[in-house]
Amino acid sequence: MIKLEHVSMKFNLGIEKNYSIKEAFIAFFDRKRRVKPTEFWALKDVSFEVKKGEVIGLIGSNGAGKSTLLKVVSGVMKPTKGKITVNGVISPMIELGAGFDSELTARENIYLNGSILGYSKQFIDDKFDEIVEFSELRDFLDAPVKNFSSGMVAKLAFSIATIVSPEILIVDEILSVGDIKFQEKSKNKMLELIKGGTTVLYVSHSLESIKELCNRVVWLEHGQVVKIGETDKICKEYYKKQMGK
């Protein structure tokens, strides 16, 4: 379903400096102030496969490369090196509000985001009430999304993305946003999709959530794969490492 072969992703840090006229003028006369581009490898030679129907958890410290990996698999970013093969349609939930226009209302964004995900207007018309019901935002349909809390945006994004059973679902921490009731409802929806055969790549700092949902775990640190294996075993090793045991 998903195959990563020696995938690496490089960013150049510092190149955004000295963009202002003031900074450029100072840097022209003061060589010490000049910022040279610095290479940062967010991913280094990452290889693994995800089979159809598998739920793979990605764990690791902040900055380990988990979110970058999801973006590369989703096609949001092109890897610097390596090859990614994806057989199936991806429904990504990576950045809350991505695909939303903050100036538009929730009602308008349902149609906007739905079209980005490839849904027809007729399909959204038919599923509109179901989306609204799941999101619990009926009283806020005509309010601009810019006035929404992060939890409300998460509810709307999740409700639109999961109105159909996607072939591949890519999720980055979205189940930890929102109130407890919605977190539980989102988790149950995820379990429903998993039982229906959806392939999932799931990032979370909650090891309990990873243990509950995932068949296997990929442990990343500093952009590299530390270990890949059975969920309980890898989570236990990761926890001991984090706690310095």
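Observations on the structure shown:
- The DSSP beta bridges internal to the stretch 51-242 are antiparallel in roughly 30% of cases.
- A Förster radius of 45 Å, combined with the Cβ-Cβ distance separating L141 from E212, puts the computed FRET efficiency at roughly 0.90.
- With contributions of -39500 (n - 2.57) from each DSSP H run of at least four residues, the per-residue ellipticity at 222 nm computed over the chain stands at -11500 deg cm²/dmol.
- Sequence-distant lysines (8 or more away, or on other chains) whose Cα lies within less than 24 Å of K52: K3, K66, K71, K78, K83, K187, K189, K195, K211, K227, K233
- Sequence-distant aspartates and glutamates (8 or more away, or on other chains) whose Cα lies within less than 12 Å of K146: D101, E103
- Length released on extending from E108 to E230, taking residue separation times 0.36 nm less the Cα-Cα span: 39.6 nm
- Neighbour-count order for M1, M93, fewest beta carbons within 10 angstrom listed first: M1, M93
- Per-residue Cβ neighbour rank within 10 angstrom, fewest leading, K10, K78: K78, K10
- 4 °C / 1.567 mPa s Stokes-Einstein diffusion coefficient of the chain, Kirkwood radius on C-alpha pairs, µm²/s: 66 µm²/s
- The chain, dipole about Cα centre (Lys/Arg Cβ +1, Asp/Glu Cβ -1), debye to the nearest 20: 1420 debye
- Mean separation of Cα contacts under 8 Å (6+ apart) over length of the stretch 51-242, as relative contact order %: 36 percent
No value in this document is a laboratory result; all are computed from the given coordinates. Since the model is a prediction, treat every value here as computed from it, not as a measurement. Every residue, glycine among them, receives a Cβ derived from its backbone with ideal geometry; neighbour counts consider all protein chains shown.
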